[in-house]
Amino acid sequence: MNFKSRNIFNAFPVITILFALIIIAAISNTFYTSYLIKKQKLNNDKINKVINPFVSDLDNLKDLLLESKMYSTNWVHLPNEIEDKKELSIIHNNRYVLLRNKIENYALNFRSQDILNQFSAQKLIVLFYEFDDLFNSQKKITKLLVTFDDYENPQSKFEAEEIIEEEIIPKTKAVSEKLSIISLENKKITNLLIDEIQKDAETISTAITLSSVVKLMFVILAIYFIYYSITKTVLEMNTIIYKLSQGQLPTEVLQPTNNIIGDMATSVNLLTASFTKTSEFANKIEEGDFSAQYKKLSENDLLGESLIRMRNSLYNYSTALNNKVTESTNEVIEKRKKIEEQKVFYESIFSNIPIEITIYDVDFNFLFINTIAIKEDELRRQMIGKNYFDYCNIKKYDTDIAIKRHAIFKSVIETGIPADFEDSHFNKDGKEIYNLRKFYPVFDHDGFKYMIGYGIDITDKKEQEININESLREKEALLGEIHHRVKNNLALVTGLIEMQRAKTENELVQNQFTEIQQRINAMSLIHEKLYKSNNFVKIDLQDYLKDLVEFLRNFFDKTKSITLHFELETAFVSAKRAVPIALIVNELITNSFKYAFLEKKTGSIYVKLTNIENEINLCIYDTGPGLPTNFDIKDASSLGFKLLKIFTKQLKGSFEYYNNPGLNVSVKFKAEIEKDSSTLV
């Protein structure tokens, strides 16, 4: 015993020194590696949080530059491109300002990150000055070409094209080149930082390798001293006893010696033999051999006695259990058969429904996919247990669609409310496929159970919608041009009538020509309102009546002072019904100017429009002497009153007249309700 203690005591200092050296090496390596990792993180932060976003925003600024050039050119050559004009305004007033502020903030970060010595802030100042100068040139075009008449003005069109060629194109090229130079400088800085990170990584790898080699050498030396500091017999006994404590049966047999260690070895051999015999008996029982015999090691062999009683109890229990197992097995086989039949039945239904059906677990993984959702059998089986991100990677789809679905998926779980949404992707032929989808959550008393996803292909419907919108825009542009040309043609007609009127000296004929001109001008004003409002379906009757009456007053009121009074409610007139309304107003206002103020130079004309419960009442009256008391419209030969009756009939309305004290005419008709639910007169 003393010898054994002496050997252990002699080995302890060496082992202690070895483990102390291992700990010192590990700590030194940890501190050095931590320093290099912190340095790498700082360089990575400079690249990812400062330089890369800055370069990205410079690229965005370059894209913005090219967009503004394109929209400026479109402004000059494509007058109907309203969307392009809006986009140019957004670039000038919003997008450029936001992007400039971001880039200037990054320049401030350059100073805080000690990068300013490699980047000249003066270049940015000059660059933004030239940007402002370029945008001022673009804004010249927007001020030159505002209306359709500006585009028909050759001088304005020429000035705008000259600005494009001599200012915008050269300035755009110069600014683009400076942007490229600034981006290149920052990319060089990024490359320098990446090289430094790579060198640090190699240093870390070398340090870890050397540290591992040193530690391994120390460990090998420690194992050597630990092993040979204790006798071989004690080690072998320890191994056998440990195996017995873990329930293992050792195969080793110790060689006893003529000392106490030898006696211990003999006892360990007997212990191993006893455990082996007991284990063999237990194995036979475990295998079902309940007729196996066991001879107790001694009268006090409690373990052997327990094994014999266990053998007898298991024999009785096994007999009863076999009977129950047979019955239960038959029931399970029958239930499994029914479950398989139901599974095949439901899968057949889901697979033949003409919509995509998928079922997800709480982690967005697929539990079920029908054949409409994924037609390839192998891929469909492969995706069970995986999520839609995996599917996008396999199909090489943009993962943005998976991110969108996952966000909606989580929102539906949190709120418990089903969600309808649209998404799209490009198939292998490059065609964009649109789908209408729905996530429907299923809950039980424990909470969320699974999510059912539905999907319907709406590509054909979407393409039809896009084609209809494009066709509508083309038709609106064409209709605007038609109204503009009709207005110009009517102006030409009135000019021709004026030339014909000047050739005759007959006052009656001249008056008839004048009345024709007024009626044509009333219709011409309709077309002018339509194309200037960009709404070719309806006209603001309130605005139109003011302009028409003011026009007639300017035509007649040469020597007299006639005051106009308007009480007009908001109402919209369809283009079809605008013409008879315009001609009615023309006839009544013309009649007032011609006959109501023959004997006096002052007076008033009142125009009133009400819209009550979809019934329109247009009332026009003056302060003149009114109609003769014996006047009967049925016997009237005036063309004006004949036209009044005709146009009122076209409106499916009625009119009445009386003196109050001047002539008061009231025209009533029903409002017209269009399909877009806007009320039209």
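How high is the FRET efficiency between Arg309 and Gln382 when r is their beta carbon distance and R₀ equals 56 Å, given to the nearest 0.05?
0.55
Using only Cα atoms, what is the ratio of the radius of gyration of the range 370-448 to 2.2 N^0.38 Å? Let's see the in-between values first.
Details: Rg = 14.1 Å, N = 79, 2.2 N^0.38 = 11.6 Å.
Compared with the compact-globule rule of thumb, the range 370-448 sits at 1.22.
As a proxy for reagent exposure, ranking Ser274, Ser306 by other Cβ atoms within 10 Å from fewest up yields Ser306, Ser274.
Subtracting the Cα-Cα distance of Asn630 and Thr239 from their residue separation scaled by 0.36 nm leaves 126.8 nm. Positive contributions from Lys and Arg (+1) and negative ones from Asp and Glu (-1), summed over other residues with Cβ under 9 Å from the Cβ of Tyr606, come out at -1.
If you count, for each residue, the other Cβ atoms within 10 Å and average over each peptide, how do 585-596, 92-103 line up from highest to lowest?
Details: 585-596: 21.4, 92-103: 14.5.
By packing density, highest mean first, the sequence is 585-596, 92-103.
Using 26 Å as the Cα-Cα cut-off, could you pick out the over-long pairs in Lys39/Lys187; Lys86/Lys173; Lys645/Lys670; Lys49/Lys438; Lys41/Lys123? Among Lys39/Lys187; Lys86/Lys173; Lys645/Lys670; Lys49/Lys438; Lys41/Lys123, the Cα-Cα distance tops 26 Å for Lys49/Lys438; Lys41/Lys123. Label positions at Ser666 and Asn427, each projected 7 Å from the Cα along the C-beta direction, are separated by 6.6 nm. The phi-based Karplus calculation (6.51 cos²θ - 1.76 cosθ + 1.60; θ = phi - 60°) puts the 3J(HN,Hα) values of the range 78-85 at 10, x, 8, 7, 5, 4, 5, 5 Hz, whole numbers, x for Gly and Pro. With both labels modelled 7 Å from their Cα along Cα-to-Cβ, the Phe148 to Lys560 distance reads 3.6 nm.
Values in this text are rule-based calculations from the coordinates and carry no lab data. All of these numbers come straight from a predicted model, not from anything done at the bench. Cβ coordinates were reconstructed from backbone atoms using ideal geometry, including for glycine residues, and neighbour counts include every protein chain displayed.
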